[in-house]
Amino acid sequence: MQKAQSIDQVQHMLSEQGYVCGRSLATVVFLSLKLGRPLFLEGEAGTGKTEIAKALAASLGRRLIRLQCYEGLDAASAVYEWNFAAQMVAIRTAEAAGSAERAALQAELFSADYLIERPLLQAMRPDEHGAPVLLIDELDRTDEPFEAFLLEALSDFQVTIPELGTIQALEPPIVILTSNRTREVHDALKRRCLYHWVDYPDFDREVEILNARAPRASAQLSREIVAFVQSLRTEDLFKKPGVAETIDWANCLLALDVIALSPAVIADTLGAILKYQDDIARLQGSEAKRILDQAKAGLDAG
Ligand SMILES: Nc1ncnc2c1ncn2[C@@H]1O[C@H](COP(=O)(O)OP(=O)(O)O)[C@@H](O)[C@H]1O
Ligand SMILES: [Mg+2]
């Protein structure tokens with residue numbers, strides 16, 4: 001892993017992928033690579049947790065394997081399952097043929113031909129470019145039994161398939177877990193990992209992110225957008241806008257040829273930054289203007 005020999009290098013290679021990474025995040029990424037420990041990233045939605053796994057895989061030239069978590073996710077969907085439909089077809093075909101075929105089929109039904117590999121098993125397979133990046137995304141959406149199962153899988157990177165035997169990763173994957181913290185993830189799992197809370201970026205960093213992700217926006221407009229969104233985040237909202245929303249909004253404003261923010265423009269495009277009607281309703285009337293004035297005052301002062 002010559003590419004990530006220092007924290008500076010990690011920052012640099014991520015920035016080449018358009019990912020703006022602060023020193024503390026770069027440090028845990030560096031340590032996670034160096035020590036081979038899974039990295040657990042927690043934070044509000046839209047703060048760049050998923051993106052970092054993508055940027056890391058791209059910059060290291062590794063394959064990205066994503067396990068998207070959801071309620072009810074079980075081992076079959078995460079590790080492997082047998083291709084039941086193909087097995088049935090094979091059985092039917094053999095039934096129509098003679099007894100020799102039937103006997104041969106018995107041995108074959110549970111072979112690699114009928115195995116469907118899911119992300120955790122895929123991530124244990126050797127890869128010519130080096131171990132893949134395994135992204136276990138939005139872990140807070142699963143339930144505790146799956147977490148317990150994952151804890152075991154992450155501790156030895158091996159899977160036992162009764163019919164096939166044990167498969168072990170020759171080189172463990174680079175693991176990144178994310179959580180939007182809709183619930184607390186169990187301590188035991190966190191203890192296996194290096195942990196980092198991904199916060200909303202500060203003003204300068206968010207401007208830098210906009211420069212990378214919406215480069216057509218003028219410097220002045222970018223600063224206004226970021227100042228407004230940052231002010232908005234200090235309001236009592238049901239769902240605060242993430243970085244994703246800042247970028248989306250900038251692109252909407254560019255599509256409308258907006259040069260500078262005004263209360264009218266904000267009112268028309270609020271749906272790009274706020275996704276709950278209650279929050280949008282709060283910003284109606286003079287509220288948007290008040291926040292915009294506050295944001296602009298901050299810009300002038302800084
Ligand atoms: N530090 C960053 N540098 C560059 N882009 C970022 C950064 N943080 C967030 N983004 C952008 O914001 C969007 C949302 O990020 P994402 O990783 O999906 O958020 P999360 O997984 O935390 O909900 C992505 O499209 C990404 O491009
Ligand atoms: Mg995400």
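Here, each number is a calculation from the coordinates, and none is a lab measurement. Computed from a prediction, not measured in an experiment: that's the story for all the values here. So basically every Cβ, Gly included, is an ideal-geometry build from the backbone, and we count neighbours across all protein chains shown.
Label-to-label distance, ALA212 versus ILE116, with points set 7 angstrom from Cα along the beta-carbon direction: 3.6 nm.
Net length available on complete extension from ASN83 to LYS239 is 52.0 nm, with 0.36 nm assigned per residue and the Cα-Cα distance removed. For GLN294 and GLU184, a Förster radius of 35 Å and the Cβ-Cβ distance give a FRET efficiency of 0.55, rounded to the nearest 0.05.
What do you get for Rg/Rh of segment 203-301 when both radii come from the Cα atoms and Rh is the Kirkwood radius? Walk me through the intermediate numbers first.
Details: Rg = 12.2 Å, Rh = 13.2 Å.
Here Rg/Rh amounts to 0.92.
Per-residue ellipticity at 222 nm, computed for the chain from helices alone with -39500 (n - 2.57) per DSSP H run of at least four residues, works out to -14500 deg cm²/dmol. With the simple model of a label 7 Å out from the Cα in the direction of the Cβ, THR160 to ASN251 spans 4.7 nm.
Per the Kirkwood treatment, what hydrodynamic radius in Å, one decimal, follows for segment 29-169 from the mean inverse distance over all distinct Cα pairs?
Details: mean 1/r = 0.0577 Å⁻¹.
Radius from the Kirkwood sum: 17.3 Å.
The radius of gyration of the Cα set in the chain, together with its Dmax, comes out at 24.3, 87 angstrom. Listed by Cβ neighbour count within 10 Å, with the fewest neighbours leading, VAL243, VAL89, VAL265, VAL185 appear as VAL89, VAL265, VAL185, VAL243. When only alpha carbons are used to place a centre, segment 138-212 and segment 226-302 end up 32 Å from one another.
Students often forget the sequence filter, so: which lysines lie under 30 Å Cα-Cα from LYS3 once same-chain residues fewer than 8 apart are removed? Qualifying lysines at Cα under 30 Å: LYS34, LYS49, LYS54, LYS190. The calculated Kirkwood hydrodynamic radius for segment 15-84 is 14.3 Å, given to one decimal from all distinct C-alpha pairs.
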